Amino acid sequence: MSPDAAHPDDAVLEVSPRPGIGRDRAAQLAREVYGVDGTVSELGSHQDRNFGVETPEGRRVLKIANRSWGRPAIEAQNAALLHIAERDTSFHAPVPVAGLDGTHVHDARDGDDLLPLRLLTYVEGEPLSDVAHLAPAVVADLGSLAARASSALADFDHPGLDRVVQWDLVRAGDVIGALLPSIADPARRALVAEVAHEATTRLAPVAPRLRVQAIHGDVTDDNVVGDRDEAGRVRPDAIIDFGDLARSWLVADLAVTVASVLRHHPEEPARVLPAVLAFHGVVPLDDHDLEALWPLVVLRGAVLVASGEHQALLDPDNESAVGPLESEWRIFHAARTVPFDLAEATVRAALGLDPPARVRAAQAAVADAAPLFPTVREIALVDLSVTSDQLHAGRFLSPSAEREILRAAAAASEGAASTRYAEPRLTRTVPDSATAPATYALGIDLVLPVATVAVAPWDAVVARVEGSAVVVDSAAGRLTVAGLRPAVVEGDAVAAGAPLGAVGGGEVHVHLCVDPTLVAPAFTTADGIPGWSVLCPDPSPLLGVDLAAPHDDPAALLERRDDVLARVQEHYYAEPMRIERGWRHHLLDTDARSYVDMVNNVAAVGHGHPRLADAVSRQMRLLNTNSRFHYAAITEFSERLAALAPDGLDTVFLVNSGSEAVDLALRIAQTATGRHDVVAVREAYHGATMLSDAVTTSLYDNPTALEDRPDWVHLASAPNAFRGRFRGPGSGPDYALEVRELVERIASEGRPPAAFICEPVFGNAGGVLLPEGYLPAVYDAVREFGGLCIADEVQVGYGRLGHHWWAFEMHGVTPDIITVAKAMGNGQPLGAVITTRAVADAFTAQGSFFSSAGGSPVSCVVGSTVLDIIGDEGLQANAAAVGDRIVARCLELMGRYPIVGAVHGMGLYLGVELVRDRESLEPATAECYAVCDRLRELGVVVQPTGERANVLKIKPPMCLTAESADFVMECLETVLRDGW
Ligand code: PMP
């Protein structure tokens, strides 16, 4: 059965003013009719009057319906609520409360009217309407709720369902027609009329085939509530209002939900997909639903604006009518800007379904093409992807790169070269962009010999000739060939093989689109490509060459990784992007999306540095051997390292990693002192070898770290003045005293320490600065008892702090041994121990020291070149300036957002610590992960760090620019403001 629209005027019957019943009268009704006494407060409503009533049994909602509802509709709602309560308890909905007379629906007098009156239980939960950003999981919740409501109502029937509801999309055309005059602005009025006409026309053929049943019709952000999950996101699991219950198209329920998601993300319509997928998972959508979905979303947008404008006219003082108007227009515009074909193709692709039959037919016709350029035999294909060898050293940012590469490729072959179809071009990336750039090419660009003739690949009609562009329509859809001297004019009928024109001097662009009415872009985003690639098919059959860019499947690659690589060698993100290039402080994934890299402290001088690459390449060609040979690089680099250390620390050991450096430092200290015991601090990370792991006490990395320490490791409290045993800037002496007492104790037990090891900025805690006075007092105590002091500068040293080269400098101390790695090699495995000649010589007691690749010619050249770059590019000063800028901005955010509990660190080694409560310092761990996931969507790579994974770690390449830092801070503010 298909519900027919009643008389057009009936369709807008409901839009009369709200009942004139106030709070006192509501309280009286609650008391007299339901025997309920309690505090009454008014709740907002578009058309009704709703009051909250606090009763001893819990909160209730007293509802007085708009005059035009009619009693059967209200009876139907109550029956539906009782039906749902029986059918599906996986989501919550209000339950009708009986009156003193045992019935559920009563009358309330309002002037001459008798209005339907009800009392319902109040559904607890937080609304979603206040949440600006809807995470994909939340969008999926909405879709799932809509489907579960539809499913629970599938076998519900009631005479009251056959009513005229203005929101019923079956009647959308009539409703919009009737309300249109309320839109005062003529241009907007005309636009709504036109858009609604297109949507109804599109819907008409499929409408009779749509499934009809009782539907909720209003599962939107305004109408659902839920509890917060661990990360603080509202997860809707309850529907609060059933006022739009009607017999209608099943798929309309989903359309309404989808439209409400658009309000939150009008610029990114693909963000509705999780709702569609979730709906489909509960109530599978058929071909007709999929064809009707977007026209219904558009109609919902049009009904919203028409009705909103109308209601605002009728009841200008009603905030709940006037308030949402702006966001209703946002929904309308977001919906109308997505072409119907694109929406359908995108949804079908997301559901793993083939394109609709009409698209498949056009695609088949494309495959039947005669050659577009019959004289061209060979075409060289150029690679503009993220891994292209033509795009190093930032060349991808040059506006002329594509053209130059194409021309060079043509010159090197037989004069013909082409770009690849559906390739995400690195040349189209946009650094520091919060939205994904349109990188995917929907057509191809070619360089061909001048005067090459282009012919019609099929029998076709010339639709347009515009400058050098010839546009022809055929059974395969629309073909555009630009860059020709046209040989045809508009309206010409051309047979397959007939000339269209000849190539001029510039590039040729070829683009196909199955639907001549669609205005297809030349490039689309990663979100857009599944849909657009269906509508703008691969033109390979026209060129006789496989033009398709290689298919990239990061998920399949990840599976292979998981199959072969130890799982404990973890990766960031549950579904990581595939990163295949870095350039300075940006990372680029295989969609050619740019991310600001805020975590790769190892790439200190930036990614892809050409000077470093050249130096490595040259040395690899010359020599790469080991430290047992005599060559200049090892001497020169060691001299430079020693010169960077304080006076007296003049002897260098070269190794391959931070772990190896720490391991060696501990062995050196033990040998030099003839002792075995070591004092380390809790919550620290020092490495992964046996010895460096022995002093690694972080429970984040190893939850049993404190249980299985060897007996020679003695632990002092984590010197974290923010949340440690002693707090505040004056806590240094307290922490130091604890170490002194520990040293005294172990010495008195006959086990004086060989060494004390810690990071001079507490990197593993998220960049927490050690409290003043701590390090000098601890070093004094340790030395008093004959121990050596090791400063682990693997993370925090080497200029990153901006204001200091070494972190220990800020405490006015000089360690006996420095360990360094990471930044030293900019990613090339390279580490060092720097100590005094005396300590180093004492180690000869252990025989000789050799590390096969430690101090190799290539490593030493890398080390020297990194130092050259840091110096020549002023990267330490940059770390100071940009770091200070970030700190200032973070402190400002801390003033406005309570979740920001502290800003740690210095220069470009920073940590933004997130807490649920500033008093208890309860770590906001789940929130921190969620914030990082959202920042990634916005184009920023940040990760949680610290013992409780509640600190946003900020340790980017030292070449981070002020512009990119500002962009990151903007994104962070967006996330803190709009949610995650
Ligand atoms: N010490 C510190 C302070 C570190 O942070 C790390 C690594 N995160 C290491 C040592 C070990 O360095 P690597 O990973 O190069 O072995």
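Quick look at the values:
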{"item": "Residues of the stretch 259-278 satisfying the condition of being open to solvent by less than 10 Å² (accessible area, probe 1.4 Å) and not in a helix (DSSP H, G or I)", "result": "none"}
{"item": "Residue among ALA152, ALA98 that is surrounded by 19 or more Cβ atoms within 10 Å (Cβ to Cβ) and at negative phi", "result": "ALA152"}
{"item": "When residues of the stretch 743-760 are limited to those that are farther than 21 Å from HIS811 by Cα and of a type in the set (Asp, Glu), the one most open to solvent (accessible area, probe 1.4 Å)", "result": "GLU749"}
{"item": "Residue match in the stretch 828-846 (condition: open to solvent by 10 Å² or more (accessible area, probe 1.4 Å) and either within 13 Å of the ligand (Cβ to nearest atom) or farther than 21 Å from GLN670 by Cβ (or both))", "result": "yes"}
{"item": "Considering residues of the stretch 416-435 that are open to solvent by 40 Å² or more (accessible area, probe 1.4 Å) and among the β-branched types (Val, Ile, Thr) only, the residue farthest from ARG934 (Cα to Cα)", "result": "VAL430"}
{"item": "Residue check for ALA823: crowded, with 24+ Cβ neighbours inside 10 Å, within 13 Å of the ligand (Cβ to nearest atom) and assigned to a helix (DSSP H, G or I)", "result": "yes"}
{"item": "Odd one out for ASN624 among (1) of a type outside the set (Gly, Ala, Ser); (2) open to solvent by less than 70 Å² (accessible area, probe 1.4 Å); (3) under 29 Å from GLN390 (Cβ atoms)", "result": "(2)"}
{"item": "Hey, LEU737 at pLDDT below 95, surrounded by fewer than 20 Cβ atoms within 10 Å (Cβ to Cβ), within 30 Å of VAL903 (Cα to Cα) and away from the ligand (no atom under 14 Å from the Cβ) or not", "result": "no"}
{"item": "The stretch 160-184, residues that are out of contact with any helix residue (DSSP H, G or I) (no Cβ under 6 Å at 6 or more places or on another chain), over 16 Å from ARG300 (Cβ atoms) and at pLDDT below 95", "result": "ASP162, ALA184"}
{"item": "Matching option when the condition is open to solvent by less than 50 Å² (accessible area, probe 1.4 Å) and either over 30 Å from SER433 (Cβ atoms) or assigned to a helix (DSSP H, G or I) (or both), among VAL605, VAL599, VAL568, VAL545", "result": "VAL545"}
{"item": "Subset of the stretch 745-802 (residues that are among the acidic types (Asp, Glu), within 16 Å of the ligand (Cβ to nearest atom), in contact (Cβ under 8 Å) with a residue 40 or more places away in the chain and touching a Pro at 6+ places or on another chain (Cβ under 9 Å))", "result": "ASP792"}
{"item": "Residue in the stretch 516-527 that is open to solvent by less than 10 Å² (accessible area, probe 1.4 Å), farther than 30 Å from THR590 by Cα and of a type in the set (Val, Ile, Thr) present", "result": "no"}
{"item": "Count of the stretch 672-686 residues which are away from the ligand (no atom under 13 Å from the Cβ) and either farther than 18 Å from TYR779 by Cα or part of a loop (DSSP other than H, G, I, E, B) (or both)", "result": "4"}
{"item": "Residue count for the stretch 279-315, restricted to those that are assigned to a helix (DSSP H, G or I), farther than 30 Å from ASP185 by Cα and open to solvent by less than 20 Å² (accessible area, probe 1.4 Å)", "result": "3"}
{"item": "The stretch 870-900 - residue that is open to solvent by less than 40 Å² (accessible area, probe 1.4 Å) and without any contact (Cβ under 8 Å) to a residue 24 or more places away in the chain and, of those, farthest from LEU641 (Cα to Cα)", "result": "VAL887"}
{"item": "Unique match (being touching a residue at least 24 places away in the same chain (Cβ under 8 Å), among the polar types (S, T, N, Q) and more than 16 Å from the ligand (Cβ to nearest atom)) among THR704, THR635, THR651, THR689", "result": "THR651"}
{"item": "GLU919 being part of a loop (DSSP other than H, G, I, E, B) and either farther than 30 Å from ASP868 by Cβ or of a type in the set (Lys, Arg) (or both)", "result": "yes"}
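Quick grid of which residues meet (1) within 30 Å of ASP289 (Cβ to Cβ); (2) open to solvent by less than 60 Å² (accessible area, probe 1.4 Å); (3) out of contact with any helix residue (DSSP H, G or I) (no Cβ under 7 Å at 6 or more places or on another chain); (4) not in a loop (DSSP other than H, G, I, E, B):
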{"residue": "ALA345", "(1), (2), (3), (4)": "yes, yes, no, yes"}
{"residue": "LEU391", "(1), (2), (3), (4)": "no, yes, no, no"}
{"residue": "ILE405", "(1), (2), (3), (4)": "no, yes, yes, yes"}
{"residue": "GLU414", "(1), (2), (3), (4)": "no, no, yes, no"}
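The values are calculated or read from the model by the stated rules, or taken from the named source; none is laboratory data. Fair warning: this is a prediction, and the values are worked out from it, not measured in the lab. Every residue, glycine among them, receives a Cβ derived from its backbone with ideal geometry; neighbour counts consider all protein chains shown. Surface areas here come from the heavy atoms of the whole protein model, side chains and all, with no ligands, DNA or RNA. Shrake-Rupley method; radii C 1.70, N 1.55, O 1.52, S 1.80 Å.
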